[in-house]
Amino acid sequence: MTQRVIGVAGFKNSGKTTLVERLVTELTGRGYRVSTIKHAHHSFDIDHEGRDSFRHRAAGAAQVAVVSRHRWAVISELRDDAEPPLDEMLAKLDPCDLVIVEGYKRDGHDKIEVRNLENTNPNLSDEDETIVAVAANGEVTGCPVPVYDRDNIFALADFICGRTGLVEVP
């Protein structure tokens with residue numbers, strides 16, 4: 001089976017993370033196993049100074065695994081290596097029904113553009129053929145792809161299911 005992927009892309013403060021969160025809730029509520037990948041444009045830490053795992057990384061470990069009864073994580077230090085491409089990160093995920101990718105707006109997978117109409121950013125769908133729908137917080141006219149209310153999570157989830165082949169949507 002081919003991995004099903006849908007992206008959520010847009011500019012800062014457009015509502016991407018909130019939309020991803022709400023889509024995950026809706027789709028997992030329908031019984032689907034959903035994974036996410038979030039692209040960060042900045043450095044980040046999932047462990048903190050003074051913690052054992054942080055100390056392991058600071059000492060030079062290339063990878064640190066943190067494991068508990070409730071979850072596990074592997075932290076990989078890139079040091080001077082290039083950021084891994086999306087395809088490489090997708091290959092590291094466990095099998096699931098759908099992967100929702102937040103960010104990676106220049107990659108070649110299908111994406112839903114999130115628009116906050118209070119911002120004055122350019123419209124991605126005008127020049128990006130990988131944008132397959134727009135989710136906006138108001139009326140959008142003259143758009144080359146279907147437009148959904150950003151808060152109509154049910155309709156957006158139906159669109160994603162149909163687009164990715166999770167189910168047939170009439």
Just flag the chymotrypsin sites (Phe, Trp or Tyr not before Pro) in segment 19-88 sitting in loop per DSSP whose Cβ has no more than 12 other Cβ atoms within 10 Å. Phe44
Thr25, Thr36, ranked by accessible area, largest first (probe 1.4 Å): Thr25, Thr36
If I compute solvent accessible area with a 1.4 Å probe over the protein chains, what percent of it on the chain is carbon and sulfur? 47 percent
For the chain, build the convex hull from the C-alpha positions and give me its volume per residue in Å³. 149 Å³
Over every pair of different alpha-carbon atoms in segment 2-75, take the mean of 1/r and invert it; report that Kirkwood radius in Å. 15.3 Å
List the residues of segment 1-34 whose backbone N lies under 17 Å from a point placed 7 Å from the Cα of Thr120 along the Cα-to-Cβ direction. 11-14
Could you list the trypsin sites (Lys or Arg not before Pro) in segment 23-122 that lie in coil according to DSSP, counting only those with at most 16 other Cβ atoms within 10 Å of their Cβ? Arg30, Arg33, Arg51, Arg69, Arg71, Arg79, Arg106
Cα-based Rg/(2.2 N^0.38 Å) for segment 47-116, rounded to two decimals, is 1.42
Considering only C-alpha atoms, what is the centroid distance from segment 107-152 to segment 1-77, in Å? 24 Å
Stretch in the chain that is longest and holds no GluC sites (Glu not before Pro) that DSSP places in a loop and that have at most 14 other beta carbons within 10 Å: 1-48
Excluding His109 itself, what net charge comes from residues whose Cβ is under 14 Å from its Cβ, given Lys and Arg +1 and Asp and Glu -1? -3
Report the relative contact order of the chain, percent, no decimals, based on alpha-carbon pairs under 8 angstrom and at least 6 residues apart. 31 percent
How big is D for segment 70-170, in µm² s⁻¹ as a whole number, if Stokes-Einstein is applied with the Kirkwood radius of its Cα pairs at 10 °C and 1.306 mPa s? 99 µm²/s
Summing -39500 (n - 2.57) over every DSSP H run of at least 4 in the chain, dividing by its residue total and rounding to the nearest 500, the 222 nm mean residue ellipticity is -7000 deg cm²/dmol
What is the sum of charges around Asp151, taking Lys and Arg as +1, Asp and Glu as -1, for the other residues whose C-beta is under 15 Å from the C-beta of Asp151? -2
Averaged per residue, what accessible surface does the chain expose to a 1.4 Å probe, in Å²? 64 Å²
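The values are calculated or read from the model by the stated rules, or taken from the named source; none is laboratory data. All of these numbers come straight from a predicted model, not from anything done at the bench. Heads up, the Cβs are rebuilt from the backbone with ideal geometry, glycines too, and the neighbour counts pull from every protein chain shown. SASA here: full protein model, heavy atoms, side chains in, ligands and nucleic acids out. Shrake-Rupley method; radii C 1.70, N 1.55, O 1.52, S 1.80 Å.
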